[in-house]
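First comes the structure, then the notes that go with it.
The values are calculated or read from the model by the stated rules, or taken from the named source; none is laboratory data. Remember, predicted model here, so these are calculated numbers, not experimental data. Note that we place each Cβ from the backbone using ideal geometry, even for glycine, and neighbour counts take in every protein chain shown. Areas reflect the complete protein model, heavy atoms only, side chains present, ligands, DNA and RNA absent. Shrake-Rupley method; radii C 1.70, N 1.55, O 1.52, S 1.80 Å.
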Amino acid sequence: MSEYLFDPAPQPTIEVQGTEALYPIHRIFCVGRNYEAHAREMGTEVDREAPFYFTKSAHAALPGGATLSYPPGTADLHHEMELAVALGETVFRANRVQSVQAVFGYGCALDMTRRDLQAKAKEKRRPWDLGKDFEGAVVLAPLTRAGEWDPVVSQAIRLKVNGEMRQDATLDQMIHNVAAIISDLSQYYHLRAGDVILTGTPAGVGAVKAGDQLVGQIDGLEPVRLTLGAAV
Ligand code: MN
């Protein structure tokens, strides 16, 4: 067996309700503009033909309940509350039925965003990485297994900051549903167990500051919590 030159970074994981075993994260895909009212508040339009994606490093993930130091290089850190879908099987060029069968579980997630850097990237037609993929940019609450919970009805998706409601919508407002997203993404990647997909945020995104307490909820799932710390 080969030796490593230095210690590899620890395997990023998500807790799972009802078991001590951890879900090892492989990749994190995020859907953009999947709720019409959010697309409108960003001054853009949804694409009903197909979803579009950006990615975040699995190593950017934080567990729910963590404290995130206010990240460097931004003066406009935003919250985006989202439903996360965690795959438990290989999916490639799958139809919608096969796609849903590959889901391991669901969870509440925060797609934290350096909005000022994202806006600059959009303006210059550059990639979104600096705005979207930074340390601690994804917060993942414990997963609930598929079968125990399924996104088939109009569960509420909400985010409160310091107890005040900022985002309040229902999952059936998604333009592309979970099955459609997985099926579409599987046309481009050999998806596998460990791949996590954030399904987009409803309207009401906004800035957070040091000291803020965020609580994101989806009916029937474990809430995601985040405390904002001072910049370091
Ligand atoms: Mn998002």
inquiry  = Going by what's in this entry, would residue 111 be described as within 21 Å of residue 128 (Cα to Cα), modelled with pLDDT of 95 or more, touching a helix residue (DSSP H, G or I) at 6+ places or on another chain (Cβ under 9 Å) and more than 14 Å from the ligand (Cβ to nearest atom)?
reply    = no
Filtering segment 169-190 down to residues that are open to solvent by less than 10 Å² (accessible area, probe 1.4 Å) and assigned to a loop (DSSP other than H, G, I, E, B) yields 186
Residue hits (segment 207-219; surrounded by fewer than 19 Cβ atoms within 10 Å (Cβ to Cβ) and either at positive phi or part of a loop (DSSP other than H, G, I, E, B) (or both)) are 209, 210, 211, 212, 219
Scanning segment 150-168 residue by residue, the ones that are among the hydrophobic types (A, V, I, L, M, F, W, C), closer than 11 Å to residue 219 by Cα and open to solvent by less than 40 Å² (accessible area, probe 1.4 Å) total 2
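May I ask you to verify whether residue 29 is of a type in the set (Phe, Trp, Tyr), within 17 Å of residue 180 (Cβ to Cβ) and out of contact with any Ser or Thr (no Cβ under 7 Å at 6 or more places or on another chain)?
Against the criterion (of a type in the set (Phe, Trp, Tyr), within 17 Å of residue 180 (Cβ to Cβ) and out of contact with any Ser or Thr (no Cβ under 7 Å at 6 or more places or on another chain)), residue 29 does not qualify.
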In the set 141, 119, 193, the lone residue that is more than 15 Å from the ligand (Cβ to nearest atom), surrounded by fewer than 17 Cβ atoms within 10 Å (Cβ to Cβ) and either touching a residue at least 12 places away in the same chain (Cβ under 8 Å) or of a type in the set (A, V, I, L, M) (or both) is 193
Quick count over segment 98-116, residues being open to solvent by 10 Å² or more (accessible area, probe 1.4 Å) and outside any strand (DSSP E or B), is 5
Among the residues of segment 1-59, the number that are at positive phi and surrounded by 15 or more Cβ atoms within 10 Å (Cβ to Cβ) is 1
If you go through 42, 1, the only one that is modelled with pLDDT under 95, more than 16 Å from the ligand (Cβ to nearest atom) and among the hydrophobic types (A, V, I, L, M, F, W, C) is 1
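State whether the residues of segment 76-91 include one that is in a loop (DSSP other than H, G, I, E, B) and aliphatic (A, V, I, L, M).
no
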*Got at least one residue in segment 84-97 being open to solvent by 10 Å² or more (accessible area, probe 1.4 Å) and within 16 Å of the ligand (Cβ to nearest atom)?*
no
